[in-house]
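What follows is a short report on a single structure.
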Amino acid sequence: MALADGASPPERLMIRGLEAGATGKPDRQKALYGQLVQAYPRDERALTLLATFYFGQQDFAKAVELYRKAVAINPAFTSPYNLLGYAYRALENYGEAEKAFQKYIELIPGDPNPYDSYAELLMKTGRFDESIQSYEKALAIDGNFVSAYVGIANNQMFRGRGDEARKALARLAKVARNDGERRQAMAWTAESFIHEAAWDPAVAEIDKMIAVSDAAKDLAQKAGDYNFKANTLLEAGRPDDAAAAFAAQVEAAAASSSPDAVKETTRRNALFNQARVALAKHDLAAARLGAASYAKAVAAKQIPFEVRQSHELAGMIAMVEARPKLAVAELAQANQQDPRVLYLYAAALAGAGDPRAHAAARKAAEFNALSLNYGYVRARAKDLARS
């Protein structure tokens, strides 16, 4: 807040809005950015800030409306075109998304990011060769552009070419300048094995990430590594080992230098993870108890991501209880940008005998976007789409 005290009125609103977002107060952030736009309705930066808030809340239609206003005021303002493209992509309006990304490229052709963003859209729509070409254009501009290597690898994963994916990630590892970039190569290498249900090499890669975090004495990163390991072990059918890894995540986060709010979030979301472990161990009573505790904790905070995750957990429990219609209702309120949720939703529709199940399963199977959750469910989603 010291920065805000010495800032101009619009800067103060921006700084306080950023602080509200960082401390998990979305309603306050929305109000502050709304005040900014009300005071400066013809300022493209103010409109972009509010649009990006709505983007983060997954209100993509509202985000599109505001981004379009921003670029109408200043067509040369590059920032909105990128997220405008992603917002259209989320709305499955791929034609408008392509126009936004192409305008982004036109405005800053010497920057790698527009080619990277456009490549993601091409990958999403199954145009894998074109996507790789666009990623290579990004790398021709900046050979250290990490996300382009990751994108090339994911294109290969989605084509069932795990070895080629790992070659792309080896290229990244070779040029990596720091632990963060090396960890990216390891994480996506693990994901390439997850797509093949090769659990042991996947876990081995994640253990390499943990070793890097240990060497750097970075407990916050280590907590994230253990979360990835736990989720992978859970999908591998090793719930006891997953529970131990989830516990290690909480322990590492508690001992880290992360803000108290982050540590509290980790403890709160441990309830979600414990309930999932209980479901995997067929302990429905424990899962229900964990879900109730998590729902209560989430209700007190009202953080949108956690609210959606609470619905996901309720939907999973309803499926085990053989209440598919309730599962459908709950999962429809979960994170529709998460392939795991898309698969669970399709499975719930199938259980309810709903004719929408096939299309939903195809959507999950053909998610074709960057997500460490995709490998966990892709094969099952494909099987469901074929059934």
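The values are calculated or read from the model by the stated rules, or taken from the named source; none is laboratory data. Computed from a prediction, not measured in an experiment: that's the story for all the values here. So basically every Cβ, Gly included, is an ideal-geometry build from the backbone, and we count neighbours across all protein chains shown.
Structure notes:
- A residue that is under 28 Å from THR23 (Cβ atoms), among the small types (Gly, Ala, Ser) and assigned to a loop (DSSP other than H, G, I, E, B) can be found somewhere in region 246-256.
- Candidates in region 100-119 are the residues that are of a type in the set (Asp, Glu) and surrounded by fewer than 20 Cβ atoms within 10 Å (Cβ to Cβ); of these, the one that is nearest to the chain's Cα centre (by Cα) is ASP111.
- Residue identified as part of a helix (DSSP H, G or I) and not polar (S, T, N, Q) among GLY126, GLY160, GLY143, GLY151: GLY151
- As a summary of the residue check, TYR374 satisfies the conditions (1) touching a residue at least 40 places away in the same chain (Cβ under 8 Å); (2) hydroxyl-bearing (Ser, Thr, Tyr); (3) touching a Leu at 6+ places or on another chain (Cβ under 9 Å) except for the one numbered (3).
- Pairs are defined by a Cβ separation below 6 Å, a sequence spacing of at least 6 or placement on different chains, a first member in region 231-251 that is at negative phi and surrounded by fewer than 21 Cβ atoms within 10 Å (Cβ to Cβ), and a second member that is of a type in the set (Lys, Arg) and not in a helix (DSSP H, G or I); the pairs so defined are PRO239/LYS281.
- Candidates ALA70, ALA51, ALA97, ALA138: the one that is farther than 20 Å from GLN29 by Cα, surrounded by 22 or more Cβ atoms within 10 Å (Cβ to Cβ), at pLDDT 95 or above and in contact with a Pro (Cβ under 8 Å, 6 or more places away or on another chain) is ALA138.
- Complete set of residues in region 163-216 that are under 24 Å from GLY143 (Cα atoms), over 23 Å from the mean Cα position of the chain (by Cα), in a helix (DSSP H, G or I) and among the charged types (D, E, K, R): ASP163, GLU164, LYS167, ARG171, LYS174
- Residue that is surrounded by the fewest Cβ atoms within 10 Å (Cβ to Cβ), among those in region 282-338 that are closer than 30 Å to ALA20 by Cβ and β-branched (Val, Ile, Thr): ILE303
- Looking only at residues of region 256-281 that are surrounded by fewer than 16 Cβ atoms within 10 Å (Cβ to Cβ) and among the charged types (D, E, K, R), we find that the one that is nearest to VAL320 (Cα to Cα) is LYS281.
- Positions within region 6-44 being surrounded by 17 or more Cβ atoms within 10 Å (Cβ to Cβ), charged (D, E, K, R) and closer than 14 Å to LYS69 by Cα, in sequence order: GLU44
- Restricting region 130-149 to residues that are of a type in the set (Val, Ile, Thr) and within 23 Å of the chain's Cα centre (by Cα) leaves a set whose member that is farthest from TRP188 (Cα to Cα) is ILE132.
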